[in-house]
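Peer 1: Starting off with a structure, shown below.
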Amino acid sequence: MPLVPHTLQQRLALYVLLPVAAILAAAGFGTFFYARDVLLDQWREATVLHLERSTHQVDMRLARVKDLITLFEGAASRPQSRPVQEAILGQLRSLPGVAAVHLTWCPGPTPDAASADAESLAACPVPAVRRQDLAVQFTPHRHGQVVGSPAIDDVSQHETVGVVAELVDQNGEGRGRLEVLVRFDHLMEAVVSSGWWQHSRAFLVDTGGRILTCTEGPGRSALAETGDPLEETVLKALQEEASGTVAGAGHPPEEVSAFHRLQEAPWTLVVFAPGRTVLAPIIGFRLYFGLAGLATILVIVAVIRLATARPAAAIRAVAQAAAGIAQGQFGPPLATTGHDEVAELVGRFNTMAVQLAERLRLKAGMDLAMEVQQSLLPERCLACDGLDVAGRSLYCEQTGGDYYDFLALAGPFGPRATIAVGDVTGHGIAAALLMTTARALIRARAVSSDRPGVLVDAVNRLLCLDTEPSGTFMTLFVASFCPETAEILWVRAGHEPASIYDPVTDRFEELRGEGLALGVRPDWTASEGSFRPWRPGQLLVVGTDGVWEATNPAGEAFGKERLQDLIRQHHAEPAARIVGAVMAALVAFHGSRPFQDDATLVVARLGPRPPDPAPAP
């Protein structure tokens with residue numbers, strides 16, 4: 001499971017610590033690599049400088065020997081030069097670190113005074129020299145001089161380095177050979193006494209990588225013989241360049257190396273140092289930086305917890321109170337401290353809780369009002385005198401202003417079936433109150449009225465007493481059925497005309513007529529309309545404008561034509577099924593959006609006409 005913050009403190013800690021940790025890490029890595037490169041550059045410069053100093057001292061000691069040999073070569077080509085040669089040979093023998101000087105003349109004619117020189121020199125026996133050659137390739141130097149590899153001299157029993165010069169005459173023919181044996185430890189005295197030689201892995205190698213001397217003791221004969229990648233890289237580099245540095249693998253590198261080639265001999269000094277030793281300051285800095293970063297993060301966590309403790313507790317209290325309200329439990333107002341956004345949130349929550357409690361009480365009252373209003377509408381369809389009447393209302397709110405009712409008006413032959421459909425201006429609780437008032441008035445007058453016109457006039461006069469201050473009004477359509485005469489008496493008080501559908505002719509006939517809405521003028525007199533005779537199977541359709549004026553999400557109106565098509569499709573069904581089919585189509589057409597107006601529909605299927613009475617005898 002991934003780490004997902006659930007609380008405010010966790011989110012703040014995560015969203016603050018992540019950027020801080022990223023910045024610290026980036027700064028740490030950047031500083032580490034920058035400082036590493038700086039320290040490596042400084043180590044390279046310092047080490048190469050030490051190597052240059054050490055090799056310079058070796059070069060100077062070899063250069064003294066080579067300079068005297070060069071003088072001897074010049075003197076050997078001139079006549080009467082024996083005293084000069086002897087002096088030069090004496091200086092060579094007296095040089096510090098010189099183990100032996102060997103001069104050998106080739107047999108044959110000698111120049112002037114050469115024989116004397118030869119005899120004089122021959123008087124000094126030249127011992128046979130056995131050299132233990134290390135198979136190191138010689139590098140020729142100026143005037144034909146070569147410097148050999150260190151070897152054990154049989155006479156001095158010291159490790160020596162031979163500096164050899166072939167003596168030639170003016171014609172370029174060989175006349176002799178001068179070899180000066182210099183003690184190797186004398187040449188390396190300055191190198192061995194240096195600190196880096198004593199504390200690092202150091203080597204003196206020739207151009208082929210053969211080890212002449214090193215700090216690792218016996219057993220090593222050549223550089224890179226152990227397969228060390230760094231030594232292989234250094235060997236390749238020193239064969240191509242006179243000096244340089246090479247860093248090993250790793251961060252920091254396990255080892256770093258520097259090398260510098262001598263000028264007077266075909267040798268190269270190579271030193272290897274541990275990377276951690278060279279980069280000890282930056283490694284220590286990395287440790288301290290890591291500890292400082294960890295301490296910074298801990299301080300940030302502590303500050304976040306301290307700063308968010310009170311807001312988190314307040315928000316937690318709000319969440320718990322909200323959970324209680326969701327279950328209908330309203331507790332005391334929450335305590336507020338401070339003047340920040342959290343305190344403002346708590347204060348507004350308290351206000352919201354009070355208002356929500358009030359709204360819940362209002363909702364309970366509205367639910368009760370809805371139940372009462374729904375109970376005022378007819379619960380059953382009307383089926384009497386061959387009539388089948390059904391109706392249904394859809395309110396856009398819990399209560400509405402649409403009204404329909406099934407009544408029984410007094411008549412000469414007994415109560416007659418009557419339907420009433422009304423529409424109060426507006427919707428909601430105010431329209432519902434006016435609707436209930438109108439219903440009470442209509443039902444009260446229906447007991448004593450034998451005609452719908454008289455009923456409507458009486459209701460209008462009484463209703464005007466209530467609507468005059470508010471300016472509200474109500475449209476009403478009342479239709480009374482007379483089975484004896486197959487006649488429909490109707491009054492249209494500002495309401496939309498009802499329609500008579502005849503399935504035989506497939507035509508709709510509207511019941512029009514002039515009429516004013518109720519509650520506008522108390523002196524208005526209703527005029528009755530008459531439709532006769534009805535035929536069995538005809539349908540009387542009465543609705544409110546909320547049916548055909550309902551729109552779909554595209555803004556298209558349901559329309560009367562769609563209503564009439566549905567009536568045609570279901571005309572043979574009972575009135576309740578016709579009303580249900582129309583309302584279902586209306587809901588599907590309107591979509592999931594709430595209705596903008598109340599919608600009511602009443603359908604009356606006209607029954608069979610009774611036979612005419614037989615004539616008197």
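The values are calculated or read from the model by the stated rules, or taken from the named source; none is laboratory data. Bear in mind the structure is a predicted one, so any value in this text is a computation, not a measurement. Methodologically, a virtual Cβ is constructed for each residue, glycine included, from the backbone with ideal geometry; neighbour enumeration extends over all protein chains shown. These area figures cover heavy atoms from the full protein model, side chains too; ligands, DNA and RNA do not enter into them. Shrake-Rupley method; radii C 1.70, N 1.55, O 1.52, S 1.80 Å.
Peer 1: Please list 3J(HN,Hα) in residue order for the range 423-432, calculated via the Karplus relation 6.51 cos²θ - 1.76 cosθ + 1.60 where θ = phi - 60°; whole Hz, with x for glycine and proline.
Peer 2: Per residue, the Karplus-derived 3J(HN,Hα) values read 9, 8, 4, x, 7, x, 5, 5, 5, 5 Hz.
Peer 1: With a 1.4 Å probe and all protein chains in place, put 215, 337, 600 in order of accessible area, largest first.
Peer 2: On the way: 215 55, 337 85, 600 0 Å².
Solvent-accessible surface, decreasing: 337, 215, 600.
Peer 1: Grab the beta carbon distance between residue 249 and residue 23, set R0 = 22 Å, and tell me the FRET efficiency rounded to 0.05.
Peer 2: The calculated FRET efficiency here is 0.15.
Peer 1: To continue, here is another question. Can you compute the modelled spin-label distance between residue 216 and residue 461, with each label point 7 Å from Cα toward Cβ, in nm?
Peer 2: 13.0
Peer 1: Related question: For the range 344-356, what does the Karplus curve 6.51 cos²θ - 1.76 cosθ + 1.60, with θ = phi - 60°, yield as ³J(HN,Hα) per residue in whole Hz, taken in order and with x for Gly and Pro?
Peer 2: These are the phi-based 3J(HN,Hα) values: 5, 4, 5, x, 5, 5, 4, 4, 4, 4, 5, 5, 5 Hz.
Peer 1: Still on this model: Among the GluC sites (Glu not before Pro) in the range 506-599, which ones are in a DSSP loop with at most 12 other Cβ atoms within 10 Å of the Cβ? Mind listing them? It would help to have the intermediate numbers written out before the result.
Peer 2: Working: sites: 509, 510, 514, 528, 549, 556, 561; in loops: 514, 528, 549, 556.
Hits after loop and neighbour filter: 514, 556.
Peer 1: Enumerate by residue number the trypsin sites (Lys or Arg not before Pro) in the range 496-589 meeting two conditions: DSSP loop (anything except H, G, I, E, B), and at most 13 other Cβ atoms within 10 Å of the site's Cβ. Present the calculation step by step, with values, prior to reporting the outcome.
Peer 2: On the way: sites: 507, 512, 560, 562, 568, 577; in loops: 512.
Here the trypsin sites (Lys or Arg not before Pro) that fit, given the DSSP loop and packing criteria, are 512.
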